[in-house]
Amino acid sequence: MLTDYFTGKGINFPPQPTELRTQRNTTRNVNLLSGNLVSNSKQVAAGVSARVYDHGVYGFASIADFSPESINLVLKDAADNASFLGSKAGTELGVLPPLAPGSNFPLVIEPEFSQKIMIDFLKELDAHLKATYPGLAGRSVSANCLDMEKFLYASNGGATPIITSHSMVPRAIVRVSLTVRDPAGAPINLGRVYGGFGFFPDHFADPSQLYEDINDLYERAMKKREGVHASAGTHLVIMGPDLAGILAHEAVGHTVESDVVLGGSVAAQLMNQKVASELVTLVDFAHTVNGELAPVPVYVDDDGIIAKDIVLIEQGILKAYMHDRASAKRMGYEPHGNARAFAYYDEPLVRMRNTAILSGTSKLADMIASVEDGYYLVRSSNGQADATGEFMFGIAEGYEIKGGKIARAIRDTTISGVAFEMLKSVDMVSDDMVWSCSGMCGKKQSIPVGMGGAAVRCYINIGGR
């Protein structure tokens, strides 16, 4: 734990608003390809960073050392950097929104476990795949663990920290990928991810717990090998929660991050305007959803702001942007705790935490039954979106809907459109809420995020063959 070698004593805080963050990221990766161990690694990135605010700008410094001398040096360098930058490019932004006092936030304790348990788990899982599905053209199983531990001191200025926060955000996931061949011999791939918030032993005690779901994955892969190409054009679709969550994050969420807004995103001109159907409410949750822990709980952000939920779109109306302290001051809003940094050497950026479309009142089965001729789109493979809200995503799993029933699987295809226009066509939202367990956001720094929500019925452009 970081507290083993950092107590905060003997630290000389500068008189300006300051954040001092010690952090340790531990990453473990194991990968088996057709039974062969192709990677087995553990990496630790640990160090200290400081950020000081002066004359409307931040000065930042970091070092991979935890000694009191190094910590005080980082604080001094950050203050000197802020002073220099302020003298050259300072603004009259004024006083940042004040920090509210807080400490003793919930802390997850890291258990001791050997990486061998990850290897043994994957070997047993792979042996099951080999024995149960001998016709596979290929198989891959992998495990990834990322534990992000942070200790944050933040002040409004002066020697006394206002915020003291010690957090641990662990995530452990296992990926299973199956490859079959279609009648022409072309490879067809389908995969799933398991796990989520917590440590590897929390989720993966016994490989047999995954066997039933993996059998469903195999059956879907076999359907896909007999699948057809989607018909190009605009179609009525049911977009599953996993896909809807990714789209909400990439094509909507990023456009309402304040730094992107200040850079000219489409959302800059849409505040308090209709951007979606009245059935759509989009929320960025801090740490708790419906009384349960969110996939990536954030109690205090890396600015030192105590995190709160923020409603971005309410019944189709754009209501808020996400902020750090500086952009909240610049634009006249309250920060809700959206400043996040991935590693100790990274400056905090305006980031999402757990973004989801809230559940509605329709049953997913009724939504499918309501479509005479369309598609049920389940999972994405990759994609991109830009500040205009335009998007294009690959579809790795989808099905025809014919006469209100799920019909043939479709081959890999794409969807595209403009997010705020697509959302206006939503006329049904499912009454459930599903989270992706492996969401990552690549905005300059790759960082875990929660993505999910409900299924939606809407019109969207499908690329076809």
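The values are calculated or read from the model by the stated rules, or taken from the named source; none is laboratory data. Please read all numbers here as calculations on a predicted model, not as lab measurements. With ideal geometry, Cβ positions are generated from the backbone for all residues, glycine too; neighbour counts draw on all protein chains shown. Heavy atoms of the whole protein, side chains included, go into the accessibility calculation; ligands, DNA and RNA do not. Shrake-Rupley method; radii C 1.70, N 1.55, O 1.52, S 1.80 Å.
So that you can scan it fast, the table gives a plain yes or no per residue for (1) part of a loop (DSSP other than H, G, I, E, B); (2) farther than 19 Å from Arg139 by Cα; (3) open to solvent by 40 Å² or more (accessible area, probe 1.4 Å); (4) touching a strand residue (DSSP E or B) at 6+ places or on another chain (Cβ under 7 Å):
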{"site": "Thr164", "(1), (2), (3), (4)": "no, yes, yes, yes"}
{"site": "Ile173", "(1), (2), (3), (4)": "no, no, no, yes"}
{"site": "Ser177", "(1), (2), (3), (4)": "no, no, no, yes"}
{"site": "Gly196", "(1), (2), (3), (4)": "no, yes, no, yes"}
Worksheet item: If Ala387 passes every condition in (1) in contact with a Phe, Trp or Tyr (Cβ under 9 Å, 6 or more places away or on another chain); (2) closer than 21 Å to Gly264 by Cα; (3) among the aliphatic types (A, V, I, L, M) but one, which one does it miss?
Response: (1)
Discussion item. Residues that are under 30 Å from Val169 (Cα atoms) and outside the structural domain of Arg171 (by TED's automatic domain parsing): list the strands (runs of 3 or more DSSP E) wholly contained in the range 383-465 that include at least 3 such residues.
Written reply: 390-402, 450-453
Item to complete: Sort through Ser34, Ser87 and tell me the only one that's touching a strand residue (DSSP E or B) at 6+ places or on another chain (Cβ under 9 Å), touching a residue at least 12 places away in the same chain (Cβ under 8 Å) and either assigned by TED's automatic domain parsing to the domain that holds Arg171 or not hydrophobic (A, V, I, L, M, F, W, C) (or both).
Response: Ser34
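Yes or no, residue by residue, for (1) on the phi > 0 side of the Ramachandran plot; (2) surrounded by fewer than 17 Cβ atoms within 10 Å (Cβ to Cβ); (3) not in a loop (DSSP other than H, G, I, E, B):
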{"position": "Pro15", "(1), (2), (3)": "no, yes, no"}
{"position": "Thr22", "(1), (2), (3)": "no, no, yes"}
{"position": "Asn25", "(1), (2), (3)": "no, no, yes"}
{"position": "Arg28", "(1), (2), (3)": "no, no, yes"}
{"position": "Val38", "(1), (2), (3)": "no, yes, yes"}
{"position": "Ser41", "(1), (2), (3)": "no, yes, yes"}
{"position": "Gly59", "(1), (2), (3)": "no, no, yes"}
{"position": "Ala79", "(1), (2), (3)": "no, no, yes"}
Worksheet item: Pick from the range 212-251 the residues that are exposed (fewer than 14 other Cβ atoms within 10 Å of the Cβ) and not in a strand (DSSP E or B): which of them is nearest to the chain's Cα centre (by Cα)?
Response: Asp213
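Conditions (1) out of contact with any Gly (no Cβ under 8 Å at 6 or more places or on another chain); (2) surrounded by fewer than 23 Cβ atoms within 10 Å (Cβ to Cβ), marked per residue:
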position: Leu364; (1), (2): yes, yes
position: Tyr375; (1), (2): no, no
position: Val378; (1), (2): no, yes
position: Ala407; (1), (2): yes, yes
position: Met422; (1), (2): yes, no
position: Gly442; (1), (2): yes, yes
position: Gly452; (1), (2): no, no
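Rundown of residues vs (1) small (Gly, Ala, Ser); (2) in a loop (DSSP other than H, G, I, E, B); (3) open to solvent by less than 40 Å² (accessible area, probe 1.4 Å), yes/no style:
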| site | (1), (2), (3) |
| --- | --- |
| Val74 | no, no, yes |
| Leu93 | no, yes, yes |
| Pro98 | no, yes, no |
| Pro111 | no, yes, no |
| Leu129 | no, no, yes |
| Asp147 | no, no, yes |
| Lys150 | no, no, yes |
Item to complete: Answer with yes or no whether Phe342 is under 30 Å from Leu93 (Cβ atoms), open to solvent by less than 30 Å² (accessible area, probe 1.4 Å), at pLDDT 95 or above and among the aromatic types (Phe, Trp, Tyr).
Response: no
Worksheet item: Does the range 397-413 contain at least one residue that is touching a strand residue (DSSP E or B) at 6+ places or on another chain (Cβ under 8 Å), farther than 23 Å from Asp373 by Cβ, aliphatic (A, V, I, L, M) and without any contact (Cβ under 8 Å) to a residue 60 or more places away in the chain?
Response: no
Worksheet entry | Total residues in the range 347-361, condition crowded, with 21+ Cβ neighbours inside 10 Å and either touching a helix residue (DSSP H, G or I) at 6+ places or on another chain (Cβ under 7 Å) or of a type in the set (S, T, N, Q) (or both) | 6
